[in-house]
Amino acid sequence: MPQSYSWRQLHPITLPAGDSMSAEVLRAKIRQLHEEAWAKGNLDVLDSLCSVDYVQHIPPYGDVKGIEALKQIILNIHRDFSELQGNVLEIIVEGDTCASRYYWEGIHRETGKRVTVAGCLVSHFVKGKIVEEWAHEDLLGLYQQIGFTLVPSKT
């Protein structure tokens, strides 16, 4: 398996003193990301939240590179699910990194089935904008809830 490198390893940046944002400001930005962009589909907020060289890693899928690609992912979610709601359960801040634990729920438009998906998102900020994220969601659970069986459920 090839070794992967984080954005910070490939693009080390030293912030000038005073450029680091407070934990409360970073928490507010993460809440805005979850509540406005993902749950409501308000894509305009991404321009103020994400860096132009934004990248998101979503195993097992390929990387999402750039704000426009992220906007397309969010549009696809809103195309495939109605009545989307999200809930941020906790946000942990360490320096310029935030880890958020959340769940979202909605109705899958094709099957009419209500789904609930739990996940965690690790977001790295530089100069107040998200440059890199690692998203981990219960995709197997999502697929089982909509009836797309990769692995039989234990029922």
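Taken together, the values in this text are just the output of simple stated rules run on the coordinates, not laboratory data. In this text the structure is predicted, and so the values were computed from the model without any measurement. Glycine gets a Cβ as well: all are built from the backbone with ideal geometry, and neighbour counts include every protein chain shown.
Under the combined filter of DSSP loop state and at most 13 neighbouring Cβ atoms within 10 Å, segment 71-155 retains these GluC sites (Glu not before Pro): Glu110. Annotation for segment 19-72 versus segment 77-128: alpha-carbon center distance of 11 Å.
Placing a pseudo-label 7 Å from each Cα along the Cα-to-Cβ vector at Tyr61 and Ile92 gives an inter-label distance of 2.5 nm. Taking amide H as placed 1.01 Å from N in the peptide plane, the amide H of Asn42 sits under 5 Å from that of Ala37, each at least 5 places away or on another chain.
Give the residue from Leu84, Pro59, Ala37 lying farthest towards the positive end of the charge dipole for segment 21-145; charges sit on Cβ (+1 for Lys and Arg, -1 for Asp and Glu) and the dipole is referred to the Cα centre. The listed residue farthest towards the positive side: Leu84. Restriction of the chymotrypsin sites (Phe, Trp or Tyr not before Pro) in segment 66-155 to DSSP coil positions whose beta-carbon has at most 14 other beta-carbons within 10 angstrom yields Phe148. Can you flag which of Lys65/Lys154; Lys29/Lys113; Lys65/Lys113; Lys29/Lys154; Lys71/Lys154; Lys29/Lys65 are past 28 Å Cα-Cα? Checking Cα-Cα distances, Lys65/Lys154; Lys29/Lys113; Lys65/Lys113; Lys29/Lys154; Lys71/Lys154 exceed 28 Å.
One chain, two ends: Trp134 and Val25. Fully extended at 0.36 nm per residue, the span grows by 37.2 nm beyond their Cα-Cα distance. Between Arg109 and Leu150, residue separation times 0.36 nm minus the direct Cα-Cα distance comes to 12.8 nm.
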